[in-house]
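Trainee: Handing you this structure, nothing more for now.
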Amino acid sequence: MLPMAKSLPFNGAAAREPATAAVDPFSAWRDLGQLTEQAINLGISVPRMTAQISIDDDRDYAQIMPAAVELIESLEIADSRRPVSPGDVRRLLEQADELLRRVHQAERNLPDKRESGMSISTTRGRPAFNDIKGDYRRLFESCTIRDKHRSTVSWYMSKLLNEGYQARWYKVAQEICCPWYFVAIIHAMEAAFNFRSHLHNGDSLRQRTRRIPRNRPAVWNPPNDWQTSAVDALRYDGFQDLTDWSLERMLYRWESYNGFRSRRNGINTPYLWSFSNHYAKGKFVADNVWDSNAVSKQCGAAVLLRVLVDRKLIRLEA
């Protein structure tokens, strides 16, 4: 059976807003490089991957997102140690946070009409679980990571193995009664491991969510309570106190969380299968705009689960 949230995880992740604007990778990489240089000038230790940034480089989401996450981690550590210039550190934190959110939401291209949030079984247009559960098992058992993505997947795993992250995911999992890694992988997908963002959709914790689902949590004191917001997100989608956490059910719930629109375009959703042999191309590049040649740059949820299983870090129900 799946390990539930009963013990600490192993030691070692109004009107709708206008469509998310595309992000120029060169500009985003340049901005990240400038923020990193400012952090270094303040005497803040920055991971090698960001410390050696050249702003002449043109990078995509798969490189910018990890660098931004690690810059934020470095700034948060510095902020917790009461730096000499706390105002400067917090200013950089806010700017890095906004850059990560902008890059992540542009890559995600949040759907114009989110399909989850009412009920995990009754939303209009949702395929019945029994009709597709066999596909989940078949795809998962034959899932392999494409060679060109292995180093990026290893980075994702380093975040899933982060003890500080795990402790926060575990607290949410306890309240919902679900596996900690179910929370962790949603956090990776929806917010790029950013604890300054709502788990619902990656919006900033400075206020209630602006994108669909809007105005969540309904009762909430911004801007510092990630856990309360995360619990609300999972309750909102009907994930609390469920008993079946089999492989097929988890994959169905993750796909429900994002929506089934890719399936309707004849491909395995990149939300689950990106970076694997089961996905090559095809994604939404703007609200309700499908591009059959666009390629997701975000690792899929099922791929992360596959690696956790392969490394014997978790055990799934047979």
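The values are calculated or read from the model by the stated rules, or taken from the named source; none is laboratory data. In this text the structure is predicted, and so the values were computed from the model without any measurement. Cβ sites come from the backbone with ideal geometry, for glycine too, and all protein chains shown count toward neighbours.
Trainee: For the range 261-310, give me the residue count where each residue is among the hydrophobic types (A, V, I, L, M, F, W, C), out of contact with any His (no Cβ under 8 Å at 6 or more places or on another chain) and farther than 21 Å from Ala128 by Cα.
Mentor: 14
Trainee: Checking the condition touching a strand residue (DSSP E or B) at 6+ places or on another chain (Cβ under 9 Å) and over 20 Å from Leu160 (Cβ atoms), which residue from Val303, Val289, Val219, Val295 passes?
Mentor: Val295
Trainee: Is it fair to say Leu234 is out of contact with any Gly (no Cβ under 7 Å at 6 or more places or on another chain) and either among the aliphatic types (A, V, I, L, M) or surrounded by fewer than 19 Cβ atoms within 10 Å (Cβ to Cβ) (or both)?
Mentor: yes
Trainee: Oh, and also: Tell me, which residue of the range 149-170 that is surrounded by fewer than 17 Cβ atoms within 10 Å (Cβ to Cβ) and of a type in the set (D, E, K, R) is farthest from Gly300 (Cα to Cα)?
Mentor: This residue is Glu163.
Trainee: Take residues that are in the same structural domain as Tyr156 (by TED's automatic domain parsing) and in contact with a helix residue (DSSP H, G or I) (Cβ under 7 Å, 6 or more places away or on another chain) and tell me which of the helices (runs of 4 or more DSSP H) falling wholly in the range 213-318 contain 2 or more.
Mentor: In the range 213-318, the matching helices (runs of 4 or more DSSP H) lie at 226-236, 247-258, 270-273, 301-310.
Trainee: Among the numbered criteria (1) under 26 Å from Val289 (Cα atoms); (2) in a loop (DSSP other than H, G, I, E, B), which one does Ile186 miss?
Mentor: So Ile186 meets the others, but not (2).
Trainee: From the list Leu139, Leu161, Leu100, exactly one residue is in the same structural domain as Leu75 (by TED's automatic domain parsing) and modelled with pLDDT of 95 or more. Which is it?
Mentor: So the residue among Leu139, Leu161, Leu100 that is in the same structural domain as Leu75 (by TED's automatic domain parsing) and modelled with pLDDT of 95 or more is Leu100.
Trainee: Which of the residues belonging to the range 39-62 are surrounded by fewer than 16 Cβ atoms within 10 Å (Cβ to Cβ), part of a helix (DSSP H, G or I) and modelled with pLDDT of 70 or more?
Mentor: Correct list: Ile40, Asn41.
Trainee: Between residues in the range 184-200 that are assigned by TED's automatic domain parsing to the domain that holds Gln298 and residues that are in a helix (DSSP H, G or I) and of a type in the set (S, T, N, Q), which pairs lie under 9 Å by C-beta distance while being six or more apart or on different chains?
Mentor: The qualifying pairs are Ala184/Gln166; Met189/Asn258; Glu190/Asn258; Ser197/Ser229; His198/Ser229; Leu199/Ser229; His200/Ser229.
Trainee: Let me ask you something else. Scan Arg208, Arg168 and give me the residue that is assigned by TED's automatic domain parsing to the domain that holds Trp273 and modelled with pLDDT under 95.
Mentor: Going through Arg208, Arg168 in turn, the sole match is Arg208.
Trainee: Which residues, taken from the range 86-106, are over 17 Å from His198 (Cα atoms) and crowded, with 21+ Cβ neighbours inside 10 Å?
Mentor: Val89, Leu92
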